[in-house]
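Accompanying notes for the structure given below.
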Amino acid sequence: MAKKTLTNKNSIKFLENYLNNASPTGFESEGQKLWLDYIRPYVDDYFVDTYGTVVGVINPEAKYKVVIEAHADEISWFVHYITKEGFIYLRRNGGSDHQIAPSKRVNIHTKNGTVDAIFGWPAIHTRHGADEKSPKLDNIFLDCGCSSKEEVEKLGVHVGCVVTYKDEFMILNNSYYVGRALDNRIGGFMIAEVARLLKENKKSLPFGLYITNSVQEEVGLRGAQMITERINPDVAIVTDVCHDTQTPMINKIKQGDLFSGKGPVLTYGPAVQNNLLDLIIDVAENNKIPFQRAAASRATGTDTDAFAYSTGGVASALISLPLRYMHTTVESVHKDDVENVIDLIYNALLKIEDNHDFRYLK
């Protein structure tokens, strides 16, 4: 359990606004504006790269550079084909789950603003036995209330328009934050809270801190690949989500035994620099911050991989937040875990020294 509450009413209001705003892969700008507005009072400088990754910087003059990073983009859909009858077929933008689509309400983002639409699906009365079909990418479709392709196009909808689900942030049983795109805007929220706490607690760091909200993780860690070349950091602490494996129909032998509410998850794997991981574990134990352990195989599947293997090698570690129902509209994380991830990153930064040596052999 969290020892204290690090977040406050203003920060939770920011989280609500940030999650309710759409920030699909490749079109993250509106979410990035909200995030930058929030962190601006807590940093000395900031910059935005060509594709929209935003970086707030504390001590920009320092030579030694430490990154704390999350990704800003969410899964979505692209308009791919409009039938003559006015129905719309889609392509994925990231790992969008086709099985949850039927009956969902969506926004189609156009230059004229958002257009309302729904994922249609045949009524149960019309589906029978062996002939009943499951939702697949080639049979789910959007209906925006039009009767022809021309009527759809008059709304401003065209091939390439991005589509996001409609939903709103909620708090479940005063224990879980629930909403679309907690993967991984909750990470952006947590690193922003670290920046706020450093400022409010008047902590001085002996290095440059680069609070990085990367784009395009959901399509191959692309934003992190780009920004690591720009920053050229010495250390990267990445936060992302992982699976809470306690809900039904999850195989713990394959996915591990991880719990919401039992603390951040620290990952072992080739991309994780062992000495940096040891420092983070020591911080957790010394500050009585609960944590869990996970093992990755060849890759973590997060921006950790992009940082670790760039610019000759960056000492990198991954602090994950257990999440239920990933890539759905009801992604859920425990409030205590959020507090403890913030606490762990904050205290880990206070332990890293100027020119800290994380070499494998010393």
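The values are calculated or read from the model by the stated rules, or taken from the named source; none is laboratory data. The structure presented is a predicted model; accordingly, all values stated were derived computationally and were not measured. Cβ: placed from backbone, ideal geometry, glycine included. Neighbour counts: every protein chain shown.
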**Q.** Extreme residue, surrounded by the fewest Cβ atoms within 10 Å (Cβ to Cβ), among residues of segment 20-38 that are among the hydroxyl-bearing types (Ser, Thr, Tyr) and within 14 Å of the chain's Cα centre (by Cα)
**A.** THR25
Q.
Please go through (1) closer than 20 Å to VAL330 by Cβ; (2) surrounded by 23 or more Cβ atoms within 10 Å (Cβ to Cβ) for LYS104 and return the number of the only condition it doesn't satisfy.
A. (2)
Q) Somewhere in segment 284-306, is a residue in contact with a strand residue (DSSP E or B) (Cβ under 6 Å, 6 or more places away or on another chain), among the β-branched types (Val, Ile, Thr) and either modelled with pLDDT under 95 or assigned to a loop (DSSP other than H, G, I, E, B) (or both)? A) yes
Q) Among the residues of segment 147-173, which ones are within 19 Å of TYR18 (Cα to Cα) and surrounded by fewer than 24 Cβ atoms within 10 Å (Cβ to Cβ)? A) VAL162, TYR165, LYS166, ASP167, GLU168, PHE169, MET170, ILE171, LEU172
Q: For GLY269, indicate whether it is modelled with pLDDT of 95 or more, in the same structural domain as LEU318 (by TED's automatic domain parsing) and in contact with a Pro (Cβ under 7 Å, 6 or more places away or on another chain).
A: no
Q) Hey, does segment 66-84 have a residue that's over 27 Å from GLN216 (Cβ atoms), surrounded by 14 or more Cβ atoms within 10 Å (Cβ to Cβ) and either assigned by TED's automatic domain parsing to the domain that holds GLY313 or in contact (Cβ under 8 Å) with a residue 24 or more places away in the chain (or both)? A) no
Q. Scanning for something aromatic (Phe, Trp, Tyr) and outside any strand (DSSP E or B), does segment 85-93 turn up at least one residue?
A. no
Q.
The conditions are (1) hydrophobic (A, V, I, L, M, F, W, C); (2) surrounded by fewer than 22 Cβ atoms within 10 Å (Cβ to Cβ); (3) within 15 Å of the chain's Cα centre (by Cα); (4) modelled with pLDDT of 95 or more, and PHE87 fails exactly one of them. Which is it?
A. (3)
Q. Scanning for something within 20 Å of the chain's Cα centre (by Cα), polar (S, T, N, Q) and outside any loop (DSSP other than H, G, I, E, B), does segment 1-10 turn up at least one residue?
A. no
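Filter segment 320-344 for residues that are crowded, with 23+ Cβ neighbours inside 10 Å and hydrophobic (A, V, I, L, M, F, W, C) and give the result.
Step one: of segment 320-344, the residues crowded, with 23+ Cβ neighbours inside 10 Å are 320-323, 331, 333-334, 337-338, 340-344.
Matches in segment 320-344: LEU321, LEU323, VAL333, VAL338, VAL341, ILE342, LEU344.
Out of THR83, THR53, I need the residue that is in contact with a strand residue (DSSP E or B) (Cβ under 8 Å, 6 or more places away or on another chain), of a type in the set (S, T, N, Q) and within 18 Å of VAL238 (Cβ to Cβ). Which one?
Numbers: THR83 fails: within 18 Å of VAL238 (Cβ to Cβ).
Answer to the check: THR53.
Could you check how many residues of segment 196-228 are under 20 Å from GLU28 (Cα atoms) and either buried (at least 17 other Cβ atoms within 10 Å of the Cβ) or in contact (Cβ under 8 Å) with a residue 12 or more places away in the chain (or both)?
Looking only at segment 196-228, we keep the residues that are under 20 Å from GLU28 (Cα atoms), and these are 210-228.
Checking which are either buried (at least 17 other Cβ atoms within 10 Å of the Cβ) or in contact (Cβ under 8 Å) with a residue 12 or more places away in the chain (or both) leaves us with 210-219, 221-228.
Qualifying residue count for the region: 18.
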(Q) Just the residues that are part of a strand (DSSP E or B) and in contact with a helix residue (DSSP H, G or I) (Cβ under 6 Å, 6 or more places away or on another chain), please, taken from segment 324-362. (A) GLU331, VAL333
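Quick one: would you say GLY56 is outside any helix (DSSP H, G or I), within 28 Å of ASP167 (Cα to Cα), in the same structural domain as GLU229 (by TED's automatic domain parsing) and not aromatic (Phe, Trp, Tyr)?
Values: outside any helix (DSSP H, G or I): yes; within 28 Å of ASP167 (Cα to Cα): no; in the same structural domain as GLU229 (by TED's automatic domain parsing): yes; not aromatic (Phe, Trp, Tyr): yes.
When the stated conditions are applied, GLY56 does not pass them.
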